[in-house]
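This report refers to the structure that appears directly beneath it.
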Amino acid sequence: MERKSNHFSGQLGFVLAAAGSAVGVGNLWRFPYLAAKDGGGLFLIIYFILVLTFGFTLLTSDIAIGRRTQKSAIGAYAEMKPKWKFLGILTFLVPVLIMTYYAVIGGWITKYAVVYLTGQAKAAAADDYFTSFITSSTSPVIFALIFMGVTAFIVYNGVQDGIEKVSKWMMPVLLVLVVIISIYSLTLKHTDSSGQVHTGIQGFLYYLTPNLEGLTVQRFLQILLDAMSQLFFSLSVSMGIMITYGSYVKPDVNLNKAVNQIEIFDTGVAFLAGAMIIPAVFVFSGTEGMGAGPSLMFVSLPKVFAAMGKAGIFVGILFFVTAIFANCMEIFHTGRKKTVSVLSAVYLAASAIIALGYSIFYVEVELPNGSTGQLLDIMDYISNSVMMPFIALLSTILIGWVMTPDYVIDEMERNGSRFRRKKLYRIMIRYVAPVMMFILFLQSTGVLS
């Protein structure tokens, strides 16, 4: 068994580092625009149910496998069953794809941090500011490369000196900011050109109320796929990351409590992110603004900060600067010095191409879900809506039927810990999850369209 010379200092360090995925791109950027697109409250209900069932099952499996084998994904699956090593390779490919556009989004955040630090907050609140930025042929690339540099530096310093140290102070700061901005968004009020008044409370109710208008089986399956892809994204499951994190967890850490805490943290941040963004979009752009897609956060938040007056400049600086470091938690989760150096060089080039996907390399591709995507959207769809359900399907078959659920349960009950949701885990990993993942995979590839 491979012994780790570097561990998380304890349960708190592990939970905060793992939850860094929740406070990063996954929930601040992606969750709100999916909730806005998929009927608000309906998306919320589906997502919360998935967290308690599929999220719990996949997160438990990944962390337990990591600690039991003390290896990252490829080595872990090879140790479980040598013939299943290919599954570890597939999980490795997911973050490879994701990282190419994570850096682009991180560059967007870095740009806005610089904007606020240099006193250009008013300009950032303009309607066409974000579009002008991402369609530039130079600026998005420069900021993506800067973001990659910051990320590589943090992870180059290792687990305790890098990821954990930053997580322990950055996560609470960003969480407090999200709460403050969410509350302020509820107080917003704006009168549009037609004289109609939009309030933050109305936007919040839009966020909470399930929109069932025109709902069909096909539409429901698409929302389910979106919610599941968001679950993969924010919990970092089915991409090998939580397996690797688990391999750095000490034997005396209670994994049951850790899983529960990560679930709660992730769900809470997801909900607050939506409460921060969607009311603001409703106030300034009405329901029409809900279709802004990936740009939702960058269009709405500067308007919120502008409405705060001088205080908004300070809050904006804090938010975007802390968001930079929080998003660094989602790239290179495990890299060591040589790995970080090599991969950084490779992904600098890949990220530059994705960053130019709104200008020089602009394309419009029809995706199986009926939407039209650019390079960033395509990479996001392949990694989160196609590869992750497929990997989750294979992993549930491996654990549920080849290794049997006891392989994971024994690790969860290590040191006499009580696994309260053991029965639910058995049913989910053997019966429910494989069937659902198969259906979602067919949906994602367009077979059920």
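The values are calculated or read from the model by the stated rules, or taken from the named source; none is laboratory data. The model shown is predicted, which means the values in this text are computed figures rather than measured ones. Cβ placement follows ideal geometry from the backbone for every residue including glycine, while neighbour counts extend to all protein chains displayed. The area values use the complete protein model at the heavy-atom level, side chains included, leaving out ligands, DNA and RNA. Shrake-Rupley method; radii C 1.70, N 1.55, O 1.52, S 1.80 Å.
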inquiry  = Need one number: convex hull volume per residue for the chain, Cα atoms only, in Å³.
reply    = 133
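Name the shape class, rounded, prolate or oblate, that the alpha-carbon gyration tensor gives for the range 208-250, where a ≥ b ≥ c are the square roots of its eigenvalues, rounded holds for a/c under 1.5, and otherwise prolate holds if a/b is larger than b/c and oblate otherwise.
prolate
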query = For Leu424 and Val150, what is the calculated FRET efficiency with R₀ set at 35 Å and r taken between the beta-carbons, to the nearest 0.05?
reply = 0.30
task = Compute the longest continuous run of the chain that contains no exposed trypsin sites (Lys or Arg not before Pro); treat a site as exposed when its DSSP state is not H, G, I, E or B and it has at most 15 other Cβ atoms within 10 Å.
result = 5-335
ask   = What whole number of Å gives the distance from the Cα centroid of the range 356-429 to the Cα centroid of the range 33-55?
value = 16
request  = Determine the dipole magnitude for the chain: charges of +1 sit on the beta-carbon of Lys and Arg, -1 on that of Asp and Glu, nothing else is charged, the reference point is the Cα centre, and the result goes in debye to the nearest 20.
outcome  = 1400
note = Residue-normalised value, i.e. accessible area per residue, for the chain at 1.4 Å probe, in Å², stands at 38
inquiry  = Just to confirm the number: angle between the C-alpha axis of helix 337-355 and the first principal axis of the chain, 0 to 90 degrees, nearest 10?
reply    = 40
task = Using 0.36 nm per residue of separation minus the Cα-Cα distance, give me the extension gain between Leu52 and Ile180 in nm, one decimal.
result = 43.4 nm
query = Where does each of His190, His198 land when they are ordered by accessible area, with a 1.4 Å probe and the largest first?
reply = His190, His198
remark   = Set Lys71/Lys111; Lys71/Lys422; Lys111/Lys257; Lys37/Lys189, cut-off 28 Å on Cα-Cα distance; pairs above it are Lys71/Lys111; Lys111/Lys257
ask   = Counting alpha carbon pairs within less than 8 Å and at least 6 residues apart, what relative contact order, in whole percent, applies to the range 210-300?
value = 16
message = Please state the shape class of the range 56-113: rounded when a/c is under 1.5, otherwise prolate if a/b exceeds b/c and oblate if not, all from the C-alpha gyration tensor.
response = prolate
ask   = Taking the alpha-carbon set of the range 258-325, what are its Rg and Dmax in Å?
value = 13.8, 40
task = Taking the chain as the reference, fit the longest principal axis to its C-alpha atoms, fit the long axis of helix 310-328 to the helix C-alpha atoms, and give the angle between the two in degrees, 0 to 90, nearest 10.
result = 30
request  = Using only Cα atoms, find the angle between the long axis of helix 388-397 and the longest principal axis of the chain, and express it within 0 to 90 degrees, rounded to the nearest 10.
outcome  = 20
Mean separation of Cα contacts under 8 Å, 6 or more apart, over the residue count of the chain: relative contact order % = 32
task = Would you rank Glu413, Glu213 by solvent-accessible area, highest first, keeping every protein chain in place and using a 1.4 Å probe?
result = Glu213, Glu413
ask   = Quick one: Cα centre-to-centre distance for the range 91-158 and the range 69-88, in angstrom?
value = 34
inquiry  = Could you check the spin-label model distance between Met403 and Leu212? Points 7 Å from the Cα along Cα→Cβ, value in nm.
reply    = 4.1
inquiry  = Please report the carbon-and-sulfur percent of the accessible area for the chain; probe 1.4 Å, protein heavy atoms only, DNA, RNA and ligands left out.
reply    = 65
